[in-house]
1. If I filter region 185-208 for residues that are over 23 Å from residue 20 (Cβ atoms), free of Cβ contacts under 8 Å to residues at least 24 places away in the same chain and assigned by TED's automatic domain parsing to the domain that holds residue 26, do I get at least one hit?
2. Just checking, how many residues over region 492-505 are in contact with a strand residue (DSSP E or B) (Cβ under 6 Å, 6 or more places away or on another chain) and more than 17 Å from residue 466 (Cβ to Cβ)?
3. Do we have residue 367 as part of a helix (DSSP H, G or I) and either under 18 Å from the mean Cα position of the chain (by Cα) or touching a residue at least 60 places away in the same chain (Cβ under 8 Å) (or both) here?
4. Just a yes or no: is a residue in region 235-245 closer than 18 Å to residue 60 by Cβ and surrounded by 18 or more Cβ atoms within 10 Å (Cβ to Cβ)?
């Protein structure tokens, strides 16, 4: 795996234009995500700079633009609220220690080649999860949009909506609503000249700072200028579990968010990203961001799509995006203090609206009761419990149902044959000349007390219980033939069940014959001492040999 991406000037014009365009979109959103997370506007901007730059250099998706995203900012807000509340003196340092650890988790995910597994999540779970995050963002921004206070979680924000309306600042509300309307209805042809987020940020900030200075509108205020100082990680035995939990949550969420964006980039560019390299790049980026008190990030779908449409083709576009943001914040950072919170809230409400999976909601009546119920359950858990619980419960339920369906399919691969059915099978083999020509009476006598257990295709652990149950219904035999010659995969649980059947049969002084020509299955069974359970003379490579020995 090549660690550093090759920075090429082959598509220089497209990469520069794509990076500049993405930076214009990223700046107002980074400010908004920084403020909404509680880390501060500058943390959001430097999150976009560090995460965008290092992911471009070390990541596995050439055209991806990374930085703070809605889902990551929601989690970071939760982390800051809880850690500062329980550790007032060290809460900030602990929060960014979470970011550093999350980055290290992501690097380990990539080194362990787990990238492909993060997108193997059932669509109803992803839909409920993302829609829940969109709703959280909207709920958290309702009060700031109305000129009120910010709440720490979605439930508190929801129950305080009536109070927010009764206490609303009319001027701030008009600015916020104007921002939402601009973001929703900005003409596409105008967006080619100036994107809606940038225009609404500039125009409404100027408008507010000139006309409404005495209206009590809350603004960002003075933000630190210059390059951020190094933050020393803080960790203790008492906080280890909580920090690890939050870090793992950030890491998993960032991995899913980034790799889904990588898939979008693949579709748009007809290319293929490297999932494990992307995780390593995201991990390096978030680790660096944590050391400088910057917001963690992930692949940003909207910014990535804009970069590609503007001509970005290589990792150089991501580097240009980050350097542009750095120049802007060092040169014009002082002007950001006049940005009204309500304008940023309006932008984030549009972000929340975009994150909601409207396509699934519109088609919810068509997707089936289970998929619809699973999506709604994950949505509610995401909004009112927490994100990890939502994903874990959603995955658990989805996998149980999928496992049950696969089990029913795999059970068709297990057959028990005895008596007349086995006689008919031997007769058919006689007709094709595969066995010597035995008369019908000899065959009936030979197989009268023989049971043939045949397993075809892959068999997972979930089938083992039903296999055992069916076996107990067919105990009237003196010879058991187990045919595994066509079994392509047998899990450890099923292998243990097969050796258990052999042991149970032998304890009753019955004969066991095993047919297997698959080396992998032989290895699985031999690990469980099949070679000591069954004498070599009763081990066969095919059914013909085994049935001949019975006759």
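1. Looking only at region 185-208, we keep the residues that are over 23 Å from residue 20 (Cβ atoms), and these are 185, 207-208.
Then keep just the ones that are free of Cβ contacts under 8 Å to residues at least 24 places away in the same chain; that gives 185.
Of the ones still in play, those that are also assigned by TED's automatic domain parsing to the domain that holds residue 26 are 185.
For region 185-208, residues over 23 Å from residue 20 (Cβ atoms), free of Cβ contacts under 8 Å to residues at least 24 places away in the same chain and assigned by TED's automatic domain parsing to the domain that holds residue 26: present.
2. Taking region 492-505 as the starting set, the residues that turn out to be in contact with a strand residue (DSSP E or B) (Cβ under 6 Å, 6 or more places away or on another chain) are 494, 502, 505.
Restricting the remaining residues to those that are more than 17 Å from residue 466 (Cβ to Cβ) gives 502, 505.
Summing the residues that are in contact with a strand residue (DSSP E or B) (Cβ under 6 Å, 6 or more places away or on another chain) and more than 17 Å from residue 466 (Cβ to Cβ) in region 492-505 gives 2.
3. Values: part of a helix (DSSP H, G or I): no; either under 18 Å from the mean Cα position of the chain (by Cα) or touching a residue at least 60 places away in the same chain (Cβ under 8 Å) (or both): yes.
No, not satisfied.
4. In the first step, residues of region 235-245 are kept if they are closer than 18 Å to residue 60 by Cβ; the result is none.
Checking region 235-245: not a single residue is closer than 18 Å to residue 60 by Cβ and surrounded by 18 or more Cβ atoms within 10 Å (Cβ to Cβ).
The values are calculated or read from the model by the stated rules, or taken from the named source; none is laboratory data. Model, not experiment: these values are computed from the prediction. Backbone-built Cβ (ideal geometry, glycine too); neighbour counts: all protein chains shown.
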